[in-house]
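Scroll down for the structure; my scribbles are underneath it.
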Amino acid sequence: MKAEIIINKNYTVGKVDPRLYGSFIEHIGRAVYTGIYEPDHPTADKDGFRQDVIELVKKLNVPIVRYPGGNFVSGYNWEDGVGPKEKRPKRQELAWFTTETNQFGTDEFCTWAKKADTDVMMAVNLGTRGADDARNLVEYCNFDGDTKYAKMRKENGYDKPHDIKVWCLGNEMDGPWQICHKTAEEYGRVALESAKLMKWADSTIELVLCGSSGYNINTFGEWEWTVLNHAYNNVDYISLHTYYGNDGNDAEFLGRSVQMNEFIQGVKSICDAVKAKKHSKKTINLSFDEWNLWYHDPQRRGKDWKEICRVNEDIYNFGDALLLGCMLMTLQNNCDRVKMACLAQLVNVIAPIMTEPGGKAWCQTIFYPFMYGSNFGRGTVMNTITKCDSYKTSFANEVPYIETSVINDEEKRELHIFAVNRNLSEDMEVELTFENFGECEITEHIMLYSDDLLATNSAEEERIAPINVEVCKGKKTVHSVKLKKHSWNMIKLKY
Ligand code: AHR
């Protein structure tokens, strides 16, 4: 099988916002407790943060992490999680049916984020609560004055404001499973009024409006139209969420990123239709703040109100790493409008990083395509011409056999080409033509490959890890590379 990619220096999609490589920590399962926070762990620091986990988070180079949910936030009283730990109440947690001990809260998360070299994307509760609590939390986190909540933060030991720039106006308010789910009209009004108060409390913050919790939810489209009509002038982004699963048809599964792209195009169109209707000069950008694969672990919720339970601990296989790579390329190729995205989630719960309580932290298969994408996907995304055969699925007439994204790191004068060969039985010869770059040389080719799409990693064994492929040296304007059947690849060139 053959493919051709033409990369012309003059044709670009846009600059990548580093926040495209964000992630997500929710109070769910073992994401916080025995995930990032385990005071008795041998690697824990004085704050109880696992250093082995922080090291892996740093390898992923995650610039922003969404917190504290997710579904959890729609029933959360943030005041329960601040102040002296011995005074914090335990609560019945109604999103995941566990007991929340509140031993970890807003201040701990902001401290953890600093130590992990990342920023906070904070979500407010627009389920059981509303505008008043939202503005109080902004005051608690961001205000440096002599007011009730700023003073409360200082008394809790945090003299300087946490200075959180990005805020989510609730979570998945379109979903009937949400604590205090709302209609689009109801949510649009609450979001607008909360947005006004939050920006009055701190005019420097950016706000994310809840879009649809999935492309296939029956309110999709109508929801975006209605909530944007209410809140357009007061928000900066609208959210998208998606999770895919494999029901045994690998070709269909690997094509799902094409559907993710369709979702993005749909939301862009609705944003721009509202813009036109309002004669607005402002463009709403997209925050894909939950995306991943989610289908392995049948245990979705806790049992018997346990404090810590293993739920949604999907163990990802090699096929999952391929689709995750394709999804990340899809986000990169839409970087002109998708400014932020959060891999959901970061630790233990549908996550690239896993931990054993008291034991090791280890990397799932999906860790690697994300790590390379995040570290080498910064710069300008090129608008390439890709010629290759495609196949048909139940949801798309044309899924190209090759998925690619090409990033130009102008500072280093390097091109980073990401590519997945979706063909399950044939290798692919790819001709790469470079225009207006002068001659360039391939310096590195990293591949993820296994004969077995079901291969997984574990605390004991790493079956899926990066492989170095030998490269043909030499400066040229046309190169040829081989992509093995069902493989993920990153090819670096110097120009
Ligand atoms: O990431 C897990 C859950 O998926 C989140 O809590 C929710 O927002 C989504 O439905």
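Laboratory data are not the source of any read-out in this text; all were calculated from the coordinates shown. What you are looking at is a predicted structure, and each value in this text was computed from that prediction instead of being measured. Using ideal geometry, Cβ is built from the backbone for each residue, glycine included, and neighbour counts are taken over all protein chains shown.
Taking each residue as 0.36 nm, the span from Trp305 to Ala455 lengthens on full extension beyond its C-alpha to C-alpha distance by 50.6 nm.
Each listed q (0.15, 0.19 Å⁻¹) maps to a log10 I(q)/I(0) for segment 1-144, found by the Debye formula over equal Cα scatterers with no solvent: -0.80, -1.21.
If you take the alpha carbon radius of gyration of segment 255-370 and divide it by 2.2 N^0.38 Å, what ratio comes out, to two decimals?
1.32
One decimal place: the segment Lys151-Ala251 gains 30.3 nm when fully extended, by the rule 0.36 nm per residue minus the C-alpha distance. All C-alpha pair distances within segment 64-119, sorted into 10 Å bins from zero, spread as 23, 51, 26, 0 percent across the bins. Taken over the Cα atoms of segment 177-223, the convex hull encloses 91 Å³ per residue.
Once the gyration tensor of the Cα atoms in segment 94-134 is diagonalised, the equivalent ellipsoid follows with semi-axes of 22, 16, 9 Å, ordered largest first. For segment 135-175, the Kirkwood estimate of the hydrodynamic radius, built from every pair of different alpha carbons, is 11.0 Å. Based on every Cα atom in the chain, Rg and the maximum pairwise Cα distance Dmax equal 22.6, 68 Å. Going 7 Å from the Cα of Trp225 along its beta-carbon direction, which residues of segment 166-196 have the amide nitrogen within less than 18 Å of the resulting point? Hits in segment 166-196 for Trp225 at 18 Å: 174, 183-189.
Extending 7 Å from the Cα toward the beta-carbon at both Ile315 and Tyr243 defines two label points whose distance is 1.9 nm. For segment 301-337, trypsin sites (Lys or Arg not before Pro) are listed when DSSP marks them as loop and at most 15 other Cβ atoms sit within 10 Å of their Cβ; the list is Arg301, Lys303, Lys306, Arg310. Shape index of segment 378-458: Rg/Rh, with Rg the Cα radius of gyration and Rh the Kirkwood radius from the inverse mean 1/r over Cα pairs, equals 1.01. When the helices of the chain are scored as -39500 (n - 2.57) per DSSP H run of n ≥ 4 and the total is divided over every residue, the value at 222 nm lands at -7500 deg cm²/dmol. Peptides 438-449, 483-494 ranked from most to least packed by the mean count of surrounding Cβ atoms within 10 Å: 483-494, 438-449. Kindly list the residues of segment 426-459 that lie in the label zone of Thr477, defined by a backbone N under 20 Å from the point 7 Å along the Cα-to-C-beta vector. Within reach of a label on Thr477, which here means backbone N under 20 Å from a point 7 Å along Cα→Cβ, segment 426-459 contributes 430-443. Just need log10 I(q)/I(0) for segment 307-383 at q = 0.21 Å⁻¹, Debye formula, equal scatterers on the alpha-carbon atoms, no solvent, rounded to two decimals. Values returned for q = 0.21 Å⁻¹ are -0.96.
Can you give me the distance in nm between label points at Thr443 and Ser280, each placed 7 Å from the Cα along the Cα-to-Cβ direction? With each label placed 7 Å out from Cα toward Cβ, I get 4.2 nm. If you sort the three axes of the alpha carbon gyration tensor as a ≥ b ≥ c, you get a/c of 1.5 or more for segment 40-96 and a/b no higher than b/c, which makes it oblate.
Using Cα atoms only, what is the angle between the long axis of helix 184-201 and the major principal axis of the chain, expressed in degrees (0 to 90) to the nearest 10? Compared with the principal axis, the helix lies near 80 degrees.
In square nanometres and to one decimal, what's the mean projected area of the convex hull around the Cα atoms of segment 107-191?
That works out to 6.2 nm², a quarter of the Cα hull's surface.
Seen against the Cα atoms of the chain and their longest principal axis, helix 256-277 is set at about 60 degrees. For Arg91, neighbours were defined as the other residues whose beta-carbon sits under 12 Å from its Cβ, and their charges (Lys and Arg +1, Asp and Glu -1) total -3. Within the shell of other residues whose beta carbon sits under 13 angstrom from the beta carbon of Ile350, the net charge comes to -3, with Lys and Arg scored +1 and Asp and Glu -1. The angle between the Cα long axis of helix 106-115 and the main principal axis of the chain comes to about 40°, on a 0 to 90 degree scale. Measuring from centroid to centroid over Cα atoms, what is the spacing of segment 429-495 and segment 248-294 in Å? Result: 28 Å between the Cα centres. For segment 423-486, the equivalent ellipsoid derived from the alpha-carbon gyration tensor has semi-axes of 30, 15, 8 Å in decreasing order.
Rg and Dmax over the alpha-carbon atoms of segment 7-51 stand at 18.7, 55 Å.
Enter the per residue convex hull volume of segment 72-223, computed from alpha-carbon coordinates, in Å³ rounded to the nearest integer.
That works out to 121 Å³ per residue.
Among the trypsin sites (Lys or Arg not before Pro) in segment 1-81, those located in a DSSP loop and surrounded by at most 14 other Cβ atoms within 10 Å of their own Cβ are Lys46. Beyond 18 Å, how much of the Cα-Cα pair distribution for segment 154-269 remains, as a whole percent? Above the 18 Å cut-off, segment 154-269 has 57 percent of its Cα pairs.
Quarter the surface of the alpha carbon convex hull of segment 293-427 and you get the mean projected area, 11.6 square nanometres.
Over all Cα atoms in segment 345-495, the spread is summed up by Rg and Dmax: 17.1, 54 Å.
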